[in-house]
Amino acid sequence: MRGRPPRIDVWVCARPRAPHLDAVLAALAAAGAKPRLAIAPAGQGPAAARNEALARCDREVLALVDDDVVVSPGWLDAVRATWSQSEADELGCVGGPLGAAFVGGRPAWLGDALLPALGVDGDPPRPEDVAAGPVPVDAAERTFHAGNISFCAAALRGVGGFWPARGHPGLRDWFNEEHRAQHELARAGWHAAWVHGAHAARRIDGADARALDVVLRRARYGARLGALSRPRRPAAAARTAARAAAGLPVAVARRDAGKLVERGARVAQNVGVLAAPLLAHRSLQPATRRTPFMYSVPPPAQGPLRTALPRLAQRARRLRGGAPIVLLYHRVATSREDPLALTVSPRHFAEQLEVLSTRRTPVPLEEIVAGEAPPYAVAVTIDDGYADVYDAALPALEAAGFPATVFVSTGHVGSGRAFWWDAVARMLRAAPADAGPLELVVDGEVRIWPARDATERQVAFRCVAAWLHAHPPEAIDAAQQAIATWAGARDPFAPAPEDRPMTVDELRRLAMSRVVTIGAHGRDHACLAALPPERQVADLVAARDDVSCWLGHAPAGLAYPYGVPGVDVDAATRDAARAAGYAYAVVNTAGAVPRRTDRMALPRVAARDVDADAFHAWLTATA
């Protein structure tokens, strides 16, 4: 964008039946924009409309305007001029002032201190501020309302777009999805700018404004503040609420409506902090399982009341004698670089086996599958097929006499090629300092990251890994090749010695151990649910045939690659596993194995790299 006017795609993100929409569209047209409209589906919150706008944006800059925000005549020119400046290649977002435009008069009780609850910044800028031009802003200190903000579209896609929070109607606080996106951009290394010339105003119906609504908004703001910000001591919040409440009788006696509402709002905000788990939980949870930019969105967390039910169920299982659990490991190694937290050190692995041997009854996974496992049984599984499973995990398992099932990605074992996440992480670490921004194009979609230093490259890796994991192997290969070109790497598919998969000979020797059973983990380690059903079957049949060819017998068990139900595994995936001839399969989800469970979706829990004491505490809390 440097040195030339950028192409700006202007979108209005609207609620159904927005009352000010015609005025908003007319003001944008007067400013020279040709806006497009994205309407939030019922129950999904404004993030859905913002993600739709980003998905359909076909220009370098995405400008977002709320359905009640009227821009000034010079708004588009000021935005375009900022994105055209020499520093624009480092900009992630640009914001402008957002004042209040009252329709039908301003209520007497609505003081300036209450305007932030309505998503308003302040007064219109002064002429000298407009003439001063853009002002750099640290997103850690300040973010901009999405009612008046524009983004570098490729950068915004790079950090996953907008978190699909359910939100709350009319709630425009500093914890909304547009503010989160700005913080993510800042963590990735993008800069922000404040442009006084790009000013706008939020239309507020004075006749319809109600003091109670503002007070409730402040209560919800306090709840979100308490839930997401640095913990505030309940006693401090209670004292602040009490001091504000003490001023209420004075405001009533003086008939000062403005002071009364302001004091009431302050009380409500601190009560909200105290009641954060109850008031904030629902609005912060995702309204969908995935977005165009986040293939995998963590499922909604259970509310404070519902979390009591799993605890009661856990206690009931203990009274009945416990239930079997299956543990998941990936690597047993000592590694300084472990961005996906796949590694457990050899010392911790040995300690954990000892804890499991004393706390539970180690059994082969097949006993749990068959329903023959004793109370408090535990089975150990290890995924992927890294060489350190043979070098480090096997000696510990044999010394402890602990059975384990090792699920191998046969394409990697057969070819010796690196697991793609290791290769990408290694290339990002090794790229020269002057490599410039990392830009990737996958399926026609462009994403970009500054990736200037180690911290920014760690953020870029997490974003790239989350993006690529749901793509087919050929798309991941193309992305690896592009990263290798950017990093100056010779072979993007060759593993480092410490990250290599085991060889076929090592797999055969591993299979000869009295404590090891070999299962399949797919051939290409692909996200199966993202593939067509026939391709899912083909991958799983190929993995079964590979193991059969190497070991002389077909594997009974399967671990789905990545393995998260509803994300990487769906009904078609389970059907594909049955069609490929597997007798059982495991998924990655917390919890013990119920007495009646689908053999093609046995739950298992990932173990962490912790010592014996911490593992004992975690095991007690988990199962």
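Below are the figures for this structure:
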{"read-out": "Relative contact order, percent, the chain [alpha-carbon distance under 8 Å, six or more residues apart]", "value": "12"}
{"read-out": "Simple spin-label estimate for residue 433 and residue 113 in nanometres, 7 Å along Cα-Cβ", "value": "5.0"}
{"read-out": "Per-residue ³J(HN,Hα) for the stretch 188-196, Karplus 6.51 cos²θ - 1.76 cosθ + 1.60, θ = phi - 60°, Hz, x for Gly and Pro", "value": "6, x, 7, 9, 10, 9, 10, 10, 5"}
{"read-out": "Relative contact order (percent, whole number), the stretch 16-105, Cα cutoff 8 Å, 6+ residue spacing", "value": "33"}
{"read-out": "The stretch 108-212 shape via C-alpha gyration tensor axes, a/c threshold 1.5", "value": "oblate"}
{"read-out": "Unit Cα scatterers, Debye sum, the stretch 412-541: log10 I(q)/I(0) for q = 0.10, 0.16, 0.21 Å⁻¹", "value": "-0.39, -0.87, -1.24"}
{"read-out": "Label of the coordinate-derived value, semi-axes √(5λ) of the Cα gyration tensor in Å, listed as [x] 40, 27, 26; [y] 53, 38, 21; [z] 50, 31, 20", "value": "[z]"}
{"read-out": "Residue-count net charge about residue 610 - beta-carbon cut-off 13 Å; Lys, Arg +1, Asp, Glu -1", "value": "-2"}
{"read-out": "Residue-normalised accessible area of the chain, expressed per residue, 1.4 Å probe, Å²", "value": "44"}
{"read-out": "Nitroxide proxy distance, nm - points 7 Å out along Cα→Cβ at residue 622 and residue 34", "value": "5.6"}
{"read-out": "Ranked packing of 381-387, 185-191, most packed first, by mean Cβ within 10 Å", "value": "381-387, 185-191"}
{"read-out": "Label-point separation in nm, residue 337 to residue 478, each point 7 Å along Cα→Cβ", "value": "2.6"}
{"read-out": "Estimated FRET transfer efficiency (residue 229, residue 551; beta-carbon r; R0 45 Å; 0.05)", "value": "0.25"}
{"read-out": "Environment charge at residue 296 (Cβ cut-off 14 Å; Lys +1, Arg +1, Asp -1, Glu -1)", "value": "+1"}
{"read-out": "Residue 441-residue 85 FRET efficiency (beta carbon distance; Förster radius 30 Å; 0.05 resolution)", "value": "0.70"}
{"read-out": "Alpha-carbon centroids, the stretch 570-614 and the stretch 205-224: separation in whole Å", "value": "46"}
{"read-out": "Area accessible to solvent at residue 183, 1.4 Å probe radius, in Å²", "value": "60"}
{"read-out": "Nearest-0.05 FRET efficiency for residue 572 and residue 302, computed from C-beta distance (R0 30 Å)", "value": "0.65"}
{"read-out": "Whole-percent carbon and sulfur share, accessible surface of the chain, 1.4 Å", "value": "54"}
{"read-out": "Chain lengthening between residue 372 and residue 205 when straightened (0.36 nm per residue, less Cα-Cα)", "value": "53.4 nm"}
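The values are calculated or read from the model by the stated rules, or taken from the named source; none is laboratory data. Keep in mind it's a predicted model, so treat the numbers as computed, not measured. As a convention, Cβ positions derive from the backbone with ideal geometry for all residues, glycine included, and neighbour counts pool all protein chains shown. The protein model used for the area step is the full one, side chains on, heavy atoms only, and it has no ligands, DNA or RNA in it. Shrake-Rupley method; radii C 1.70, N 1.55, O 1.52, S 1.80 Å.
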